[in-house]
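The values are calculated or read from the model by the stated rules, or taken from the named source; none is laboratory data. Because the structure is predicted, anything quoted here is derived from the model rather than measured. Note that each Cβ is placed from the backbone with ideal geometry, even for glycine, and that neighbours are counted across all protein chains shown. What goes into the accessible areas is simple: the full protein's heavy atoms, side chains included, and nothing from ligands, DNA or RNA. Shrake-Rupley method; radii C 1.70, N 1.55, O 1.52, S 1.80 Å.
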There are 4 protein chains.
Amino acid sequence: MKPLAKLSLFACVVGGLTNPLCAQNVPTPPKMTPDMTEFWEPEVKAITADAGNVAPSDAKVLFDGKNLDQWVSVNNPQNPAGWTVADGVFTVKKGTGNIQTKDSFLDYQLHIEWKVPATITGKGQGRGNSGLFLASTGKGDAGYELQILDSYNNRTYANGQAGSIYKQTPPLRNVTRKPGEWNVYDVIFTAPRFKEDGSLFSPARVTVLHNGVIVQNNTELRGPTQYIGLPSYSQAHGKSPIKLQDHGDPSEAISFRNVWIREL
Amino acid sequence: MKPLAKLSLFACVVGGLTNPLCAQNVPTPPKMTPDMTEFWEPEVKAITADAGNVAPSDAKVLFDGKNLDQWVSVNNPQNPAGWTVADGVFTVKKGTGNIQTKDSFLDYQLHIEWKVPATITGKGQGRGNSGLFLASTGKGDAGYELQILDSYNNRTYANGQAGSIYKQTPPLRNVTRKPGEWNVYDVIFTAPRFKEDGSLFSPARVTVLHNGVIVQNNTELRGPTQYIGLPSYSQAHGKSPIKLQDHGDPSEAISFRNVWIREL
Amino acid sequence: MKPLAKLSLFACVVGGLTNPLCAQNVPTPPKMTPDMTEFWEPEVKAITADAGNVAPSDAKVLFDGKNLDQWVSVNNPQNPAGWTVADGVFTVKKGTGNIQTKDSFLDYQLHIEWKVPATITGKGQGRGNSGLFLASTGKGDAGYELQILDSYNNRTYANGQAGSIYKQTPPLRNVTRKPGEWNVYDVIFTAPRFKEDGSLFSPARVTVLHNGVIVQNNTELRGPTQYIGLPSYSQAHGKSPIKLQDHGDPSEAISFRNVWIREL
Amino acid sequence: MKPLAKLSLFACVVGGLTNPLCAQNVPTPPKMTPDMTEFWEPEVKAITADAGNVAPSDAKVLFDGKNLDQWVSVNNPQNPAGWTVADGVFTVKKGTGNIQTKDSFLDYQLHIEWKVPATITGKGQGRGNSGLFLASTGKGDAGYELQILDSYNNRTYANGQAGSIYKQTPPLRNVTRKPGEWNVYDVIFTAPRFKEDGSLFSPARVTVLHNGVIVQNNTELRGPTQYIGLPSYSQAHGKSPIKLQDHGDPSEAISFRNVWIREL
């Protein structure tokens, strides 16, 4: 610890010591009592959670192992999600298109687990490619994509591997598990805010833990994902569905389980 | 989604549509190719982790169930930590004082699990009180305290319960489990930075998941914890040990296990 | 400049030099052309301004030297402002109460000039006390106060002098001019934003130049000003009037001139 | 103002009213006294300034109308700046290269005035092109450039006109005055900070007033200016000189006056 250098606001009363640089003839604020900085209200809401596979008691379960009732087709939102449900997981059904939640969300915590087949083939972006769109801002792939990819011994561009904000920010570490093993994403998303005139007020931000390791630490998003060119916030939006990508690759039979969300 | 209102930087080329508000006689930036925004270097370091009880492969284990070799007494750092190790956990030994890590850290991710005895008695702050000091800035209780307390059916001031930045910021939720059950803290800490003259450049920030639930979301800390009065950053510091509190209460036999840290 | 240490995203192609740490067998993004990062739309709006006494061409003039038509009584908003206009300036009329703008504003740049009489008496807070409320959140003194006070050779508490966010943040410097001379505040204010449920999304921020010197640099406000106790954001609000304070002191005949605002 | 919705921290004691949602049987923090939040130390340093042409009393004058003793050649820092001084201003001397301050700075407020000749010719980037490098990170044009250009009735790309962070962020408004008239930049710059390993801790930020109008409001810089491609923070640096550009165009005889800086 460095010695006192430049004093900040309250520094004449540090640790019971009087700073000789402080004037002696000016008032010293009266000492507070401990309870003056103890605030009881409002009471913090109690919930139950166990850091394991069970959703916290205040979460909305988006997939409970049984059906995709909370999901619809992106391109035809009146249609049910066309992906496959079996053995307590759901799996991309190639060619049926992206799916998204029935409900829309603003700021939230999301838990999702994903797995590529143990028998996966392909390389680079062509190996277990899907994506979690943190907010779906339109049809197709419009939105903010957190990449899902088999990045286990499968190098690609750093800002395109598992845990990256696609074409924006690489993950801090590559924590992808072997094909056939489950990966866990814990995501805390803060939606962008816009002014009345539609221009950006504050960008989206995201924190991601991949298999319990921080890979995005309050990362600022520069706009919805652009496959070509630079992202920007060109359209105001509010609450949005969450979307999963059917990337259309041959070897893409990516499965998901244990999906829940808590609005913040 | 709202219609285009005020256009942001690149908005004349949204989704293949031309905005009629944009002048037609000014240059349009040439289209990039997809690979112009694909960055391969530096390669993201690969590690292994499983979102469970095993420390990630790049973590430093601070407690492995066997001994407190990574910890020392706060008040006599040349002395070993005097707490009890048994059955793969370590437990506060009342009256031996706070303990802290041998090593110092700046920005990091920390995992720690804690438990109060199933037979705990007392109420309010007198029930399973300890604390995790995210950076120990001096002897005794100096530092930034993330509160540890039995907050299960035990109301106290909101900014003094488990998951709070003590005397500063309440947790978003009370996720404390029943006495006798293990609680998990996953902490991402960004240390404060100071200018050359010792004044504050940027405050500390912390994200905390309690049993997997976000309870502090990139919260700004207002200075080291003050039991009486208002916090402020009055002393510059750099890397610091991490500290655990011996609060000195009768019923405080709090236990810890599975402690690891990753520098960021 | 330090040598290359840890490489950031694009660091294999710095200044035409190839970094030997970078793998040689991975793709390098193709070079862009200069015009790929040259964005013409939307055109930036042109205005005129001269850094002097004349309001910029896109400003709304809140006082033009002639009348207080843009201002009303705070406590009876249907009543005109009761302060005195003479010689191109307006002056607090003791006992008539605070005044505020007819219009409401969210984010803005404000220019205002103020002066205490050359013959002023009193000391501390009792010497030329007024205040500029950056957003008036209710009757009386409710709101975010940028302090106005004769702080020339008149010491008071640091977070209560001219240029301070009252009872929160002292100015970086005391730039108050002699009684009888005009002071200039140039203020850039970002209003707080709230969530749908009324809780805080982002705090207010303010930058202030006092006589051309930066005294608040994107300072975060902790809530509306509290004369007693700690500020907090307990009530959501949107656009708000700007308010000037009639502090009620004997020697408070503070005058104002050249007031204009630009919405951001 | 919206009614109380979700209560924030201290909301049971708003304006003397008791919130019925708050429990009645929990402690209420004792009321503070007003002076508990009045902090006198450290005393704020007093300076003089007049928002006009005279430098504040704590500023370092970088050009006083007489000589370029505070400046050197960028490419040969042991050589004096080769630009022309006459009539109380200094002017780019084409072909002599960029010049930079002898001293280095970290965070600062800078005032500078610039003017293009009334007889200027050319268009787009070829009309009165120079640049203020907020930190010179190397030879040539390395650094963070705030664009200087005759943008009066001279359209170019928005992120390349006067007041822009060159090739990054357009100004909020085009406030450029007619050729032959003086423009004023008031700049508040926060330098980037780096970690020990050379990676970025926090990006540079800048606030700019152009002729008294805010054109950059705490804008985040994405790295040193890149003429081609995307900026990034690839090299750690600390205090740096401030640099002015000799762009080498025929019609570039840009003049400067009244340059001063205050370290923050």
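Key figures
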{"quantity": "Of D:Lys60/D:Lys167; B:Lys93/B:Lys115; A:Lys167/D:Lys167, those spanning more than 22 Å from alpha-carbon to alpha-carbon", "calculated": "D:Lys60/D:Lys167"}
{"quantity": "Number of partner chain Cβ atoms within 10 Å, mean per residue of C:227-239", "calculated": "6"}
{"quantity": "Amide H contacts under 5 Å for D:Asn218, placed H, 5+ residues apart", "calculated": "D:Val206, D:Thr207, D:Val208"}
{"quantity": "Shielding of C:170-179 by partner chains, average beta-carbon count, 10 Å", "calculated": "5"}
{"quantity": "Rounded to whole Hz, the Karplus (6.51, -1.76, 1.60) HN-Hα couplings of region D:53-60, x for glycine and proline", "calculated": "7, 8, 5, x, 5, 9, 8, 9"}
{"quantity": "Loop chymotrypsin sites (Phe, Trp or Tyr not before Pro), region B:182-241, which have at most 12 other Cβ atoms in a 10 Å radius of their Cβ (DSSP)", "calculated": "B:Tyr227"}
{"quantity": "7 Å along Cα→Cβ, label-point gaps from B:Asp87 to other copies, nm, shortest first", "calculated": "3.8, 8.5, 9.0"}
{"quantity": "Buried solvent-accessible surface, both chains (B, A), 1.4 Å probe, Å² to nearest 100", "calculated": "6700 Å²"}
{"quantity": "Cα centroid separation, region C:163-232 to region A:133-205 (Å)", "calculated": "36 Å"}
{"quantity": "Copies compared at B:Gly65 - label distances in nm, ascending, label defined 7 Å from Cα in the Cβ direction", "calculated": "2.7, 8.0, 8.4"}
{"quantity": "Whether chain A is rounded, prolate or oblate, judged on the alpha carbon gyration tensor where a/c under 1.5 counts as rounded", "calculated": "prolate"}
{"quantity": "List of region A:140-157 residues, accessible area with partners at least 10 Å² below that of the chain alone (1.4 Å probe)", "calculated": "A:Arg155, A:Thr156, A:Tyr157"}
{"quantity": "Loop-located GluC sites (Glu not before Pro) in region B:163-238, at most 13 other Cβ atoms within 10 Å (DSSP)", "calculated": "B:Glu181, B:Glu196"}
{"quantity": "Averaged over C:240-247, number of beta-carbon atoms from partner chains that fall within 10 Å", "calculated": "0"}
{"quantity": "Estimated FRET transfer efficiency when R0 is 41 angstrom, pair B:Glu263-B:Asp197 (beta carbons, to 0.05)", "calculated": "0.95"}
{"quantity": "Whether the protein assembly as shown is rounded, prolate or oblate, judged on the alpha carbon gyration tensor where a/c under 1.5 counts as rounded", "calculated": "oblate"}
{"quantity": "Accessible area in square angstrom per residue, chain C, 1.4 angstrom probe", "calculated": "39 Å²"}
{"quantity": "Accessible surface of region C:60-263, 1.4 Å probe, proportion on carbon and sulfur as whole %", "calculated": "46 percent"}
{"quantity": "Distance between modelled label sites at A:Asp64 and A:Ser104, nm, 7 Å Cα→Cβ extension", "calculated": "2.6 nm"}
{"quantity": "Global form of region B:51-109, assessed from the alpha-carbon gyration tensor, a/c cut-off 1.5", "calculated": "oblate"}
{"quantity": "Chain B residue with Cβ closest to the axis mapping B onto C, distance in whole Å", "calculated": "B:Met32, 3"}
{"quantity": "Dipole of region D:60-263, positive direction: furthest Cα of D:Asn183, D:Thr84, D:Gly126, with charges on the beta-carbon", "calculated": "D:Gly126"}
{"quantity": "Net charge of neighbours whose Cβ lies under 9 Å from the Cβ of A:Asn211, counting Lys and Arg as +1 and Asp and Glu as -1", "calculated": "0"}
{"quantity": "Principal axis dimensions, largest first and in whole angstrom, of region D:117-237 by Cα", "calculated": "50, 27, 20"}
{"quantity": "Other copies of D:Gly140: label-to-label distances in nm, shortest first, labels 7 Å along the beta-carbon direction", "calculated": "3.8, 5.8, 6.4"}
{"quantity": "Pairwise label distance in nanometres, B:Lys178 with A:Lys45, each label 7 Å out on the Cα-Cβ vector", "calculated": "2.4 nm"}
